[in-house]
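Accompanying notes for the structure given below.
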Amino acid sequence: LTGVLDDCLCDIESIDDFNTFKIFPKIQKLQERDYFRYYKVNLKRPCPFWADDGHCSIKDCHVEPCPESKIPVGIKAGSSNKYSKAVNNSKELEDCEQANKLGAVNSTLSNQSKEAFIDWARYDDSQDHFCELDDERSPDAQYVDLLLNPERYTGYKGPSAWRVWNSIYEENCFKPRSVYRPLNPLAPSRGGDDGESFYTWLEGLCLEKRVFYKLISGLHASINLHLCANYLLEETWGKPRWGPNVKEFTRRFDPVETKGEGPRRLKNLYFLYLIELRALSKVAPYFERSVVDLYTGNGHEDAESKALLLDIFRDTKSFHMHFDEKSMFAGDKKGAKSLKEEFRLHFKNISRIMDCVGCDKCRLWGKLQTQGLGTALKILFSEKEIQSLPENSPSKGFQLTRQEIVALVNAFGRLSTSIRELQNFKVLLQHTR
């Protein structure tokens, strides 16, 4: 995969080098810090669009919390956040840990982490929020340690998984029903089209709607890459071995096996990386202010986390081939405002579709990456508000919640990892030939 990307003046080789040598090592470190590793999510929200008949029954998909009467799971409000050594040493805990070993979403947290969350919540409540997310207020929402729940192949596939992506593409990417996406297993057979009519339609769209499709396709490609790179290769005596699956990667991205679709998908991944990279460079002034802390209650760690984040921002600003978002929504004011609102509503709908994912671990990472992209778009369309932020007080014009910050950084971290994994697959493919 080489050359210049469509709809921007950036080439793939420049992104590869920039990501490998500047971004990837630092974003990996940042994601390990307490502020960024805990994400609050509601995995119990019902699917709003169809009956949830495709729930994943594979062990690795499941959340298996310990009985609530025995051990505190997730984060509880107020003074109910108690911790008992007797409970901690009980057999139920051992059984629960055994059940979680194969990769179920592990929502148990240390006592220290729980106490930190109470402080974080108080600190967040004192800030002048731009918006409040439903998930954070729900009694079903719980903190998840992202480092204990890595995104990887769980075995969740087939019609249920396809229905989620089909709904996203068919109903939310401005596409008429008569135009079929290439390689869509749910589309009727249509002879030797090979996607020509689809790409003719796509090229005929305005830039904004074309960008929207590419962002969704890029997100889909990135998630597929994570699954190929962290695949359950074998399990002997209850011990799973995870690693890159070249055969699966080839099936999803090889030009011959995908009739040319694979490289297009990967180009959209690079395009999505550029969009989120641009958002990070634009939001830097928000974090550069002394009034913004990455607050966990540990002053030394908080200072180090902020220094590392600002270092990443400096790198993002140094990149010389950014996507120019000013070309978007640049028509007459009324038309541009209407299109932007349409854009926002379509994206909001996609985030709701993530509640229809039957595998809890897939749902967790789907929700996080969707929210991260949504936050990036919010940043790109708030440039004036960010530029006019007061130095020493919260702003009414632009605010990010801790949830949005955690999602933004981790979503970009996933894209950075995807591009790094792509380099690994190139090497593996050369060795298998």
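The values are calculated or read from the model by the stated rules, or taken from the named source; none is laboratory data. Remember, predicted model here, so these are calculated numbers, not experimental data. Glycine gets a Cβ as well: all are built from the backbone with ideal geometry, and neighbour counts include every protein chain shown. Just the protein is used for accessible areas: all its heavy atoms, side chains included, with ligands, DNA and RNA removed. Shrake-Rupley method; radii C 1.70, N 1.55, O 1.52, S 1.80 Å.
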> Using a 1.4 angstrom probe and counting only protein chains, how large is the accessible area of LEU345 in Å², to 10?
Replying inline: 90
>> Could you tell me the extents of region 289-433's C-alpha atoms along the three principal axes, largest first, rounded to whole Å?
In response: 56, 46, 38
>> Number of Lys pairs in region 291-342 with C-alpha atoms less than 27 angstrom apart, excluding same-chain neighbours closer than eight positions?
In response: 6
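Ranked highest first by the average count of other Cβ atoms within 10 Å around their residues, in what order do 208-215, 346-353 fall? Provide the component values of the computation, followed by the final result.
Details: 208-215: 20.2, 346-353: 16.9.
Final packing ranking: 208-215, 346-353.
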> Once label points are set 7 Å from the Cα along Cα→Cβ at both LEU1 and LYS247, what is their separation, rounded to one decimal in nm?
Replying inline: 2.3
> Where a ≥ b ≥ c are the square roots of the eigenvalues of the C-alpha gyration tensor, would you call region 194-313 rounded, which needs a/c under 1.5, or, failing that, prolate if a/b is larger than b/c, or oblate?
Replying inline: oblate
> Can you give the accessible area of TRP162 in Å² (nearest 10), computed on protein heavy atoms with a 1.4 Å probe?
Replying inline: 80
> Of ARG363, ARG420, ARG252, which has the most accessible area and how do the rest follow, probe 1.4 Å?
Replying inline: ARG420, ARG252, ARG363
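Would you mind calculating the gained length between LYS333 and GLU171 on full extension (0.36 nm times residue separation, minus the Cα-Cα distance), in nm to one decimal?
Working: separation 162, 0.36 × 162 = 58.32 nm, distance 2.62 nm.
Taking 0.36 nm per residue and subtracting the Cα distance, the gain is 55.7 nm.
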>> With the crude spin-label approximation of a point 7 Å out along Cα→Cβ, what separation in nm comes out for GLU203 versus GLN28?
In response: 4.0
> For region 162-226 and region 1-25, what is the separation of their Cα centres, given in Å?
Replying inline: 24
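May I ask you to rank ASP254, ASP355 by accessible area, largest first, using a 1.4 Å probe over the protein chains only? If you can, show how the numbers build up before the last one.
Working: ASP254 40, ASP355 0 Å².
Heavy-atom accessible area, descending, gives ASP254, ASP355.
Relative contact order, percent, of region 221-274 when contacts are C-alpha pairs under 8 Å separated by at least 6 residues?
Numbers: 53 pairs, mean separation 15.3, N = 54.
Relative contact order for region 221-274 comes out at 28 percent.
What are the GluC sites (Glu not before Pro) within region 391-433 that DSSP puts in a loop, where the Cβ has at most 15 other Cβ atoms within 10 Å? Could you put the intermediate results ahead of the total?
Numbers: sites: GLU391, GLU404, GLU421; in loops: GLU391.
Counting only loop positions with at most 15 other Cβ atoms within 10 Å, the GluC sites (Glu not before Pro) in region 391-433 are GLU391.
Relative contact order, percent, of region 230-354 when contacts are C-alpha pairs under 8 Å separated by at least 6 residues? Walk me through the numbers on the way to the answer.
Values: 71 pairs, mean separation 16.2, N = 125.
That works out to 13 percent.
Calculated FRET efficiency, VAL427 and THR236, Cβ-Cβ r, R0 25 Å, to nearest 0.05? Before the final figure, lay out each step's value.
Values: r = 26 Å, r/R0 = 1.06.
Calculated value: 0.40.
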> Roughly how many Å² of ILE118 are accessible to a 1.4 Å probe, to the nearest 10?
Replying inline: 30
